[in-house]
Structure formats: C-alpha cells, structure tokens
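**Q** Have a look at this one.
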Protein chains: 4
Amino acid sequence: MNPIEKLAQQFKEFPGIGERQAKRFVYFLLHKNPSYVDDLGKAILEIKNTIHQCPSCFLFFQNDNNERLCENCRDPKTDKTSLLIVEKDADLENIKRSKNYKGMYFILGGLVPIVTKETPNYVRTKELVKNVENQIKQHNLKEIIIALSLNPQGEHTDMYLRELLAPLQKSSELTIVSLGRGLSTGTELEYSDSETIKNALKNRA
Amino acid sequence: MNPIEKLAQQFKEFPGIGERQAKRFVYFLLHKNPSYVDDLGKAILEIKNTIHQCPSCFLFFQNDNNERLCENCRDPKTDKTSLLIVEKDADLENIKRSKNYKGMYFILGGLVPIVTKETPNYVRTKELVKNVENQIKQHNLKEIIIALSLNPQGEHTDMYLRELLAPLQKSSELTIVSLGRGLSTGTELEYSDSETIKNALKNRA
Amino acid sequence: MNPIEKLAQQFKEFPGIGERQAKRFVYFLLHKNPSYVDDLGKAILEIKNTIHQCPSCFLFFQNDNNERLCENCRDPKTDKTSLLIVEKDADLENIKRSKNYKGMYFILGGLVPIVTKETPNYVRTKELVKNVENQIKQHNLKEIIIALSLNPQGEHTDMYLRELLAPLQKSSELTIVSLGRGLSTGTELEYSDSETIKNALKNRA
Amino acid sequence: MNPIEKLAQQFKEFPGIGERQAKRFVYFLLHKNPSYVDDLGKAILEIKNTIHQCPSCFLFFQNDNNERLCENCRDPKTDKTSLLIVEKDADLENIKRSKNYKGMYFILGGLVPIVTKETPNYVRTKELVKNVENQIKQHNLKEIIIALSLNPQGEHTDMYLRELLAPLQKSSELTIVSLGRGLSTGTELEYSDSETIKNALKNRA
C-alpha cells in the first residue's frame, strides 16, 4: 500500500479520528519541516520505554531512576489514608488540575459493562482489591472515594465497586463514598433532569 | 404593511424565533384548517383573562372560582414550613415534574444583574421579603431553599438573596440553603471544570 | 385542560416547536403587555380573511380590492413567457429576494414522494398542467424553469414534472430547464461530494 | 519536560487537535500494543524519504524507481491538453475520487490572501506560470480549469490567477475556465443565498 495511505490508516486508529482527518495528518507531516517529523517519530518510538505504569495505582509516569512506584505513591506528603478511584488517566489529570485532593489514586482502567456478566480484564478489579488490602495494612486506609462519571455505566460500576469492597470494609473502620451530586457548573434548572433536581434538593446546604 | 409581514413581525418577538421561522409560522397558519387558526386566535385573546398570577408566589394559574391564591398556596397539604425560590415559571414546572418537593414556592421573576447597581423591578425582591415575613408569622417558616441555575448571574443572585434575607433570619430559627452541587446527570469527569470537581469532592457521601 | 396547557398544545403544532418551547411561548405571552397579545390574537383571527391564494400561481397575497390574481400575475411588467416552478412560498420569497428573475411563478405545494405511487393531492400537478396550458395559449410561454431543492425528493420531482409536461412541450416551442448545478456559496472542494464535483466540472465556464 | 507532556505538545500541532485530544493520543499510544506504536513511529520517520513531491504538479507521490514525475504526469493516457488547478492535495484527492477528470493537475499550495499585497511564497504562482508555459510548448495545452473552493479567498484567488495567466492565454488558443456554480447537493432553495440563486438561474439547463 502507498505509504501515504498506510500512515493514514494508522492515524485512523487514533481516538476520534476519521478517514479525512487521518489523511490530513499525513499531508500535515509532509508539509512540516523534517526536524519536527523526526522528533515526533522518535518520541513515539521511545514513549513506551520512558513511561512506565505504576504497579500500585496504574498511573503512567516517567521512570528515570528506576523507581518502582509513581511520584504520588512515593511522596510522603501524599495522604495515604484516602484513596480515590477513577476510570482513566484523563479523569485523574482533570481532578489533579482542580487541586482539591491530596490522597492516593487508583486507575480502574475502564467501567464495568451493564449487560455482560463477567467484568472485562482491562477493568482492574482484582488489582483494586489487592491495592486496598495493602493500603489498609500499611497506612490504615480510612476512606475510599469512587469518582466515576455520572452516566448509567458509571453508576453501575459505582454499585459494583461498593459490593466488591464491602467485605474489606467490615474488617476495618473504612468508609466508602462517591462524589457528591447536584447542580454542576452551567446547569440550567429549566432543562435539568429529575435525577439531578432530586440530588440537588437532597444535598441542599 | 402586508398582513403576512405584520404577523411575521409579531411572531419574531417570540423567544428564540428568527425572521425565517416567524415567516414559516405565518405560512403554517395559512395552510392550516380555519378551525385550528380560529381556536388559536381565541385562545391567545383569552389567555390573560383566564390566567391570573398568584399574589403570594407569583405563579400563573387558572382562576375559575375567583380564588385569590394559586392551588399550591391554598392546598393545606403543602408544607408551609419550607419555601423554594426559583427564577421563573419554567424552572418551577421542571422542579414539580421531579416530584421531590412538597413545600411553598416563590417565583423571583428574574436574576440580579452582576454589573448594574440597582436591581431591575421585574426581580421581585421586595415581594420576596414581604412573602417571607408573612410565612414566618403565619406558618413559622423553617427553611428557605434558593434554587437558581448554576451560572455567574445565578450565583450572584444567590449571594444577593442571602444578604437580603439575613435580617429576617436572625429574628427566627430560619435556615437558608441552596441546591446541592456536584456531578449532574451526564457529567464526564474528564471534561468537568475544577469548580464542579471541588463541589463533588466536598459533598462526597 | 388548563388554558396554559391547552395553548401550549396548540403552539406545539407550529413547525419545529417542541413541548418546552411551546410552553415558553405561553409564558412569554403571559408576561407581555396586553396590547401585544391582543394585536397578535386579532391578527391570527384575521389572517385567513385578508390573505387569499392566487388561483393561477397559488401564492398567498393580500387582497384588498377584490383582485382575482396576485400582483405578480397581474403586473404587465412580469415576463409572461417564463414560468418558474417552486415547492413552497418560502422558496419563492428567497428567489424574489435575490432579484434575478422577472417572470411568472407557480407554487407546487410540495414534492412528489419517491416511494408511494400516487402523488399526494397537496402537490398541484393538475393545476400546474392547467396553468401551463393557459400560459401557452394566452402568452406563448417559452420557458419553464424547475427550481427545486437539490435533494433526492427534489430530483425525483424534477424528473416527474419533466415527464408530466413533456406532452405540452411537443405542441409548442417550449423549453423545460432546471436550475444550474455546481459549487454553491461556501462549497469546500475538499468536502464536496462526487455529484457536485461532476456538475461543477460539466458546467465549467 | 515529561515525555507524556512533550509528545502531547507535538500532537497539539496536528491540524484541528486541541490540548485534551493531544493528551488522549498519548494515552492511546501508551495503551496500544508495542508493535502498533513501533510501526507508527517508523512510518513517520520514513514518510519523507518514501514520498516525494512532483516537480511539475507538486503532488506528493511514492517514489520507488526514482521517477522524476508523479504517475499522473508520466501517464501517457493522461489528457495533456487540460490542466486543473487546485488549492491542496486533499482537494485533488476528492476530485480524483469523483472520477470525472482525466487531465493534468497543478497544486497551488494555498490561496492568495485578500488583504496583503504580496502573495505568500507557499502559493506557487511562479511555478504555475512555468508549468503552463511548458504545457503549452510540449503538449499544446488547450484548457485551464481553476478549481477552488467557493469562498471569498477562493474567488479572489480565481480572479488573481486569471490575471496572472492572461498573458500566456493571448499567445495561444488557450481557454481559462472555472468550476460551474449553482445548486450543490443538499442545497435547500429556502435557505440558499442570493449569489447561489443567481448562479443557479444563470446556469439553468
């Protein structure tokens, strides 16, 4: 296959990229100066070597001095008594950006499908249980915050995780909570759904 | 002016209707059967006579037996110890639809502008104070719920109302609250703003 | 039914208006000054009396002096040798706005469905044939311009009309044409479909 | 800088890619299997070596046997008497896709700005003149088709090219045409602008 077509096919696998834009990426590179294209190609070839996944929270992080854990897991200033569960790296980044949480993270890797019985293996439920058990032992974990998007699959996963972690909870004074619900920035009362209004009334303060 | 143009001009004043759609409304009527057009014209001429505005909560309601107050204000089953303040009728309707509130309402009529000093007279602040004073006297009002959209002007109005009602609060064990904040239906953590994340963490449960 | 609900139901029949906006229209009227509401109601009641439909071109027009035909059909300056067929009044208005045509019009009233065999009676095919026959007799019509939107149903109707009018064409030196095709304002070559490119190449000049 | 951030910065230069999607691309690669990432990186490093730009029409093409010209310029079956000028590769691809043109191409590289006096050097006007001169000499070029998007800058460039090529035209029976204008697929008469209607009427057939 023509290298232009071939590269376009590869770009087409990128999230949210269709055939036309994939092709446009190729022409973009053909018009760009060689040094940029060279740097990009090398950066892509190296990314998997320079970036590791933390075996504890599964965050991707830069590993220079052969550290086992990511910075947040190593940092003594991290509040080890609180663990926040997110679906994916982008969610974690966004929560970090808001600068309102100082504890530990755990990246689940995906949501639990509502239909199928068994949980896909990219959803790290076993790893989560193991992680929580360790945190309880090592740093007497006090709180687990389930921080998932508020859509059917997210709510399903929320319930799933509460059942999954309930046993560990009994054996310690561990609380499991979810992110608060109500009006979010931009919510117009005229258009908000009954569920949101219900939550907003329940959590009024 | 040509009656088609003239009627189109009148429809153009309707909320969210531009020139083209206003014109389409006219052609729609010209093509419709006469009885529909007749009923519509009469219904519009009648609406202001059949619908009154409640002098207490300012809700529009059908007044057959020359009742002074709207049904919700009259209904003995209404919880008179709670008052919910909304911006406009459509907000109130939506909250009713969610079937999660059984108390009194007050329709403010608009939001308080952030820039201008004085409050426009379509925002019923004096009427609100009067209403709250009455509710305290007559049914020992216990809670005021400020239920405004979560946007800058809504938040500004929220603060404004709290200041406005503070004096009345002192002279009674009256609490003033606002709708809860956090994730609303459909909120994706990856895209939600820091304010929403902050509220969602603060109100976790 | 509550008059607010009832009027909202009537507005809901307006083209492109959903339940929420219909309700908003009612509240808009309830807040408007009585004179506006009164004028609107009366204008709607009168529209069908003041506006007639031209029996020749089927345009809606204001009929004060009991004229039989619309102004364009009466006007001696109108080029009676050319007839332009459009689907609906709004199309005709838009073509007039472009000030590029001085001939006669005919409003078809709708497009011919592709699936069903028989043509719905709101599509004035019989009236069109009658009109064309008259124009040929009275003003030796020379050109018929089929001016329909460029979508499947429009193209189907175009072919349908050409077959319908072919017999009349034989008996006179009458030409039947359709609007030109090619790039329209805003067309980006990168995104335009093969059909448009084909027409643009064919009609290059 | 963190390799994740660094690679995201590089992806951010891609056309139409913002910060968030650039970051998502990086996580996409981190989750992808190593072979895909490896292939992609190598393909990007290779692209500039395997793809050359035709010195005659400036199309990017795969150059295996060290050919000087692209396939279309070499192909004896190409109609050498017709030259079609497009803005960019994507336009040419789309025109090829429509399979309605068998002649030569010339990729201008950009449009001529309306405001600034001098033409930016990425717009290959000199190369175009040279190319046309050659085509006239070598294959007695008969027709130049200016095929630019129908927007202000495109129309400005169209006029600019006609002036630029006029001298060459005199010295030979060469015609210069532009793509036809009128209704394009999907055009609704009710919403089309006066310019489009004017063209559609002018080019009726």
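All of the numbers you see were taken from the coordinates with simple rules; none came from a lab. Note that this is a predicted model, so its numbers are computed, not measured. With ideal geometry, Cβ positions are generated from the backbone for all residues, glycine too; neighbour counts draw on all protein chains shown.
**Q** Nearest 5 is fine: what % of DSSP beta bridges in chain C come out antiparallel, could you say?
**A** If we restrict to bridges inside chain C, about 20 percent are antiparallel.
**Q** With r defined as the distance between the Cβ atoms of residue B:115 and residue D:172 and R0 fixed at 60 Å, what FRET efficiency is calculated, to the nearest 0.05?
**A** E between residue B:115 and residue D:172, to the nearest 0.05, is 0.35.
**Q** Give the Rg/Rh ratio for the range D:101-198, taking Rg as the radius of gyration of the Cα atoms and Rh as the Kirkwood radius, to two decimals.
**A** 1.02
**Q** Sticking with this structure for a sec: Counting other C-beta atoms within 10 Å, which of D:172, B:56, D:149, D:35 has the fewest, and how do the rest follow?
**A** D:35, D:172, B:56, D:149
**Q** Tell me the GluC sites (Glu not before Pro) within the range A:74-140 that lie in a loop according to DSSP and have at most 13 other beta-carbon atoms within 10 Å.
**A** Counting only loop positions with at most 13 other Cβ atoms within 10 Å, the GluC sites (Glu not before Pro) in the range A:74-140 are A:118.
**Q** While we're looking at this one, here's another question. Can you give the helix-only mean residue ellipticity at 222 nm for chain D, where every DSSP H stretch with n ≥ 4 adds -39500 (n - 2.57) and the sum goes over all residues, rounded to the nearest 500 deg cm²/dmol?
**A** -14500 deg cm²/dmol
**Q** Based on DSSP H assignment, which helices of chain B show an axial Cα extent of at least 15 Å together with a mean Kyte-Doolittle hydropathy greater than or equal to -1.0?
**A** Qualifying helices, which must be both long enough and hydrophobic enough, are B:19-31, B:34-50, B:152-170.
**Q** Then there is this: Across peptide A:142-151, what mean number of C-beta atoms from other chains lies inside 10 Å of a residue's C-beta?
**A** Per-residue shielding by partner chains comes out at 4.
**Q** A further question on this structure: Please tell me which of these pairs span more than 31 angstrom C-alpha to C-alpha: A:102/D:42; B:77/C:6; C:42/C:96?
**A** In this structure, A:102/D:42 lie more than 31 Å apart at Cα.
**Q** What average count of beta carbons from other chains do you get within 10 Å of the Cβ of residues in B:99-105?
**A** That average works out to 2.
**Q** Assign unit charges at the C-beta atoms only (+1 for Lys and Arg, -1 for Asp and Glu), then state the dipole size of chain B relative to its Cα centre in Debye, rounded to the nearest 20.
**A** With only Lys, Arg, Asp and Glu charged at Cβ, the dipole is about 200 debye.
**Q** Counting Lys +1, Arg +1, Asp -1, Glu -1, what net charge surrounds residue D:172 among other residues with beta carbon under 13 Å of its beta carbon?
**A** The answer is 0.
**Q** Which distances in nm, rounded to one decimal and ordered from shortest, link the label point of residue D:53 to the equivalent label points in the other identical copies, with labels set 7 Å from Cα toward Cβ?
**A** From this label point to the equivalent ones elsewhere in the assembly: 4.1, 6.1, 6.8 nm.
**Q** Would you please give the FRET efficiency between residue A:6 and residue D:67, computed as 1/(1 + (r/R0)^6) with r the Cβ-Cβ distance and R0 = 22 Å, to the nearest 0.05?
**A** Efficiency for this residue pair is about 0.70.
**Q** Continuing with this model, one more query. Determine Rg/Rh for chain A; Rg is computed over alpha-carbon atoms and Rh is the Kirkwood hydrodynamic estimate from the same atoms.
**A** Rounded to two decimals, Rg over Rh is 1.05.
**Q** Compute the relative contact order of the range A:48-184 as a whole-number percentage, counting only Cα pairs closer than 8 Å that sit 6 or more residues apart in sequence.
**A** Here the relative contact order equals 22 percent.
**Q** Which net charge results for the neighbourhood of residue B:126, defined as the other residues with beta-carbon distances under 13 angstrom from its beta-carbon, given Lys and Arg at +1 and Asp and Glu at -1?
**A** Cβ neighbours under 13 Å give a net charge of -1.
**Q** Could I ask something else about it? In debye to the nearest 20, how big a dipole does the protein assembly as shown give about its Cα centre with +1 on each Lys and Arg Cβ and -1 on each Asp and Glu Cβ?
**A** 0 debye
**Q** Among D:36, A:27, what is the fewest-to-most ranking by other Cβ atoms within 10 Å?
**A** Least crowded to most crowded, the residues run D:36, A:27.
**Q** Using a Gaussian network for chain D with springs between C-alpha atoms less than 10 Å apart, which of these wobbles most: D:179, D:148, D:30?
**A** D:30
**Q** One quarter of the convex hull surface, Cα atoms only: what value does that give for the range A:1-85 in nm²?
**A** Across all orientations, the range A:1-85 yields a mean hull projection of 8.4 nm².
**Q** Count charges around residue C:74 for me, please; just the other residues with Cβ under 9 Å from its Cβ, Lys/Arg as +1, Asp/Glu as -1.
**A** -2
**Q** Beyond 17 Å, what share of the Cα-Cα pairs of the range C:96-136 is found? Please give it as a whole percent.
**A** Counting pairs separated by more than 17 Å, the tail of P(r) holds 47 percent.
**Q** Could you give the distance between the Cα centres of the range C:143-169 and the range C:1-76, to the whole Å?
**A** Using only Cα atoms, the two centres lie 31 Å from each other.
**Q** Between C:115, C:86, C:132, which gets the highest mean-square fluctuation from a Gaussian network model of chain C, Cα cutoff 10 Å?
**A** Per the Cα network of chain C with a 10 Å cutoff, C:115 tops the list.
**Q** Copy-to-copy spacing for residue A:175, label 7 Å out on the Cα-to-C-beta vector, in nm, shortest first?
**A** Residue A:175 label point versus its equivalents elsewhere: 1.7, 8.3, 8.5 nm.
**Q** GNM on chain C, C-alpha springs below 10 Å: top fluctuator among C:84, C:92, C:150?
**A** C:150
**Q** Then there's this: Could you line up C:178, A:171 from fewest to most neighbouring Cβ atoms inside 10 Å?
**A** Result, fewest neighbours first: A:171, C:178.
**Q** Which chymotrypsin sites (Phe, Trp or Tyr not before Pro) does the range A:86-158 hold that lie in a coil by DSSP with at most 12 other beta carbons within 10 Å?
**A** A:122
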